[in-house]
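The values are calculated or read from the model by the stated rules, or taken from the named source; none is laboratory data. Only a predicted model underlies this, so the values are computations on that prediction, with no experimental measurement involved. We place every Cβ from the backbone using ideal geometry, glycine too, and count neighbours over all the protein chains shown. With ligands, DNA and RNA removed, areas are computed over all heavy atoms of the protein, side chains included. Shrake-Rupley method; radii C 1.70, N 1.55, O 1.52, S 1.80 Å.
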Amino acid sequence: MTPPERVAPRRLRKSTTREPIIQEPDVHEADAVHGAGDTSEADDAEATRRDAGVTESSRANRGWWDRNADEYQIEHGTFLGDDRFVWGPEGLDEVEAELLGPPEELKGSDVLEIGAGAAQCARWLAAQGARPVALDLSHRQLQHALRIGGSFPLVCADAGDLPFADASFDLACSAYGALPFVADPVRVLREVRRVLRPGGRFVFSATHPIRWAFPDEPGPEGLTVSGSYFDRTPYVEQDDKGNAVYVEHHRTIGDRVRDVVAAGFRLVDLVEPEWPSWNTSEWGGWSPLRGNLIPGTAIFVCERD
């Protein structure tokens, strides 16, 4: 799942489509105020920088993605495709990158996609002969996965508490899923390591940390440093009662590397995709202008020894 636009405040078009609602698990009844269809919080959200813990971040982001999944798929569905594996707004495709390994070696592999959205990446993996499982915090995003179709399992769960047995997967991947939005990334990484088999690989992409020092704008105004790269205070959108309705967490490159190591992984590669000449589209703060000057995405290739 590639990223939302981080703006202050958010102004999103209301969806013009709505698939049938599927009954959500009882465990989420307490979060009903954050469910799909409730757009009042997002409409009135105030952007700020403040602390936000594990529970608040998870609840806020589940609600945000449930409310905005329809808009997201309308806006970005063409770029993402139904069965394409794209690592970020630059358009780097797994077909060419082979960060999970050569396509012919994916056949028969058990693969977990974390933060799957509409499961485009999992659908591509299934076409290579892999056995993917698509996991997302947002029930509404997974409804879009159902709408598009596929024969692989869809799981609605938090990445910090994966509902799988130890050593269940050969590979794991996450294209802008989970890691940018969690308050405790080491907890997520440790969970991923737990469910991977020895020698398993986990590849994840996130907003390049340097972007946090610049305004989230695609034009020239997004090329001037406006804040400290070292300020790790989360970006929070909150309602008029101070409740978070969207949270993003900043980690420096060094933080990300230390998180990977602390979770028991070995960092094999760090990929910073360059903006290709064919990509003329803008995606929030990602654009050809900025992409040709500063990196927008960081991809971490990790292995479990």
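Specify which of the listed residues (Ala122, Ala116) is more than 26 Å from Arg290 (Cα to Cα), out of contact with any Cys (no Cβ under 8 Å at 6 or more places or on another chain) and free of Cβ contacts under 8 Å to residues at least 60 places away in the same chain. Explain how you work it out, then say what you get.
Numbers: Ala116 fails: free of Cβ contacts under 8 Å to residues at least 60 places away in the same chain.
Residue meeting the stated conditions: Ala122.
Could you tell me which residue of segment 277-293 is farthest from His250 (Cα to Cα), considering only residues that are open to solvent by 30 Å² or more (accessible area, probe 1.4 Å) and in contact (Cβ under 8 Å) with a residue 40 or more places away in the chain? First the steps, then the outcome.
As a first pass, look at segment 277-293 and keep what is open to solvent by 30 Å² or more (accessible area, probe 1.4 Å): 277-278, 280-282, 288-289, 292-293.
If we keep only those that are in contact (Cβ under 8 Å) with a residue 40 or more places away in the chain as well, we get 278, 281-282, 289, 293.
On the way: Trp278: 30, Ser281: 25, Glu282: 22, Leu289: 23, Leu293: 21 Å.
Among them, the one singled out is Trp278.
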Exercise. Can you find a residue in segment 92-107 that is among the acidic types (Asp, Glu), over 16 Å from Phe181 (Cβ atoms) and outside any helix (DSSP H, G or I)?
Worked result: yes
Exercise. In segment 58-95, what residues are farther than 17 Å from Ser174 by Cα and among the acidic types (Asp, Glu)?
Worked result: Asp66, Asp70, Glu71, Glu75
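Restrict the check to segment 88-110 and report whether at least one residue is among the hydrophobic types (A, V, I, L, M, F, W, C), buried (at least 22 other Cβ atoms within 10 Å of the Cβ) and within 16 Å of Pro153 (Cα to Cα). Before the answer, list the steps.
Filtering segment 88-110 down to residues among the hydrophobic types (A, V, I, L, M, F, W, C) leaves 92, 95, 97, 99-100, 106.
With buried (at least 22 other Cβ atoms within 10 Å of the Cβ) added as a condition, the list becomes 92, 100, 106.
Add one more test, that the residue is within 16 Å of Pro153 (Cα to Cα), and what stays is none.
Within segment 88-110, not a single residue is among the hydrophobic types (A, V, I, L, M, F, W, C), buried (at least 22 other Cβ atoms within 10 Å of the Cβ) and within 16 Å of Pro153 (Cα to Cα).
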Exercise. Residues Leu112, Leu135, Leu142: which one is aliphatic (A, V, I, L, M), part of a helix (DSSP H, G or I) and closer than 22 Å to Asp161 by Cβ?
Worked result: Leu142
Seminar exercise, completed: For segment 227-268, the count of residues that are of a type in the set (D, E, K, R), under 18 Å from the mean Cα position of the chain (by Cα) and open to solvent by 20 Å² or more (accessible area, probe 1.4 Å) equals 1
Exercise. Is it true that Gly219 is at pLDDT 95 or above and loosely packed, with under 13 Cβ neighbours inside 10 Å?
Worked result: yes
Problem set entry | Tally, over segment 189-220, of residues that are under 20 Å from Cys121 (Cβ atoms) and without any contact (Cβ under 8 Å) to a residue 40 or more places away in the chain | 1
For this session: For segment 125-149, name all the residues that are open to solvent by 50 Å² or more (accessible area, probe 1.4 Å) and over 25 Å from Glu104 (Cα atoms).
Result: Leu146, Arg147
Exercise. Pro163 passes all but one of (1) assigned to a loop (DSSP other than H, G, I, E, B); (2) in contact (Cβ under 8 Å) with a residue 12 or more places away in the chain; (3) open to solvent by 30 Å² or more (accessible area, probe 1.4 Å); which number fails?
Worked result: (2)
Exercise. Can you pull out the residues in segment 115-132 that are within 28 Å of Asn68 (Cβ to Cβ) and in a strand (DSSP E or B)?
Worked result: Pro132
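Report the residue count in segment 174-210 for those that are of a type in the set (Val, Ile, Thr), within 22 Å of Pro273 (Cα to Cα) and not in a helix (DSSP H, G or I). Give the derivation first.
Step one: filter segment 174-210 for residues of a type in the set (Val, Ile, Thr), giving 182, 186, 188, 192, 195, 203, 207, 210.
With the extra rule that they be within 22 Å of Pro273 (Cα to Cα), the set shrinks to 203, 207, 210.
After this cut, where a residue has to be not in a helix (DSSP H, G or I) as well, the list is 203, 207.
Result for segment 174-210: 2.
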Problem set entry | Residue in segment 112-124 that is touching a Ser or Thr at 6+ places or on another chain (Cβ under 9 Å), under 30 Å from Asp231 (Cα atoms) and open to solvent by 30 Å² or more (accessible area, probe 1.4 Å) present | no
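What residue, among those in segment 281-300 that are part of a strand (DSSP E or B) and of a type in the set (A, V, I, L, M, F, W, C), is nearest to Ala175 (Cα to Cα)?
Looking only at segment 281-300, we keep the residues that are part of a strand (DSSP E or B), and these are 283, 286, 297-300.
Cutting the leftovers down to of a type in the set (A, V, I, L, M, F, W, C) gives us 283, 286, 298-300.
Working: Trp283: 15, Trp286: 15, Ala298: 10, Ile299: 9, Phe300: 10 Å.
Across segment 281-300, the extreme among qualifying residues is Ile299.
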Exercise. Is it the case that segment 71-82 has a residue that's within 23 Å of Tyr235 (Cβ to Cβ), in contact with an Asp or Glu (Cβ under 7 Å, 6 or more places away or on another chain) and either modelled with pLDDT under 95 or surrounded by 15 or more Cβ atoms within 10 Å (Cβ to Cβ) (or both)?
Worked result: no
Exercise. Counting just the residues of segment 195-216 that are among the charged types (D, E, K, R) and surrounded by 17 or more Cβ atoms within 10 Å (Cβ to Cβ), which one comes out nearest to Arg304 (Cα to Cα)?
Worked result: Arg201
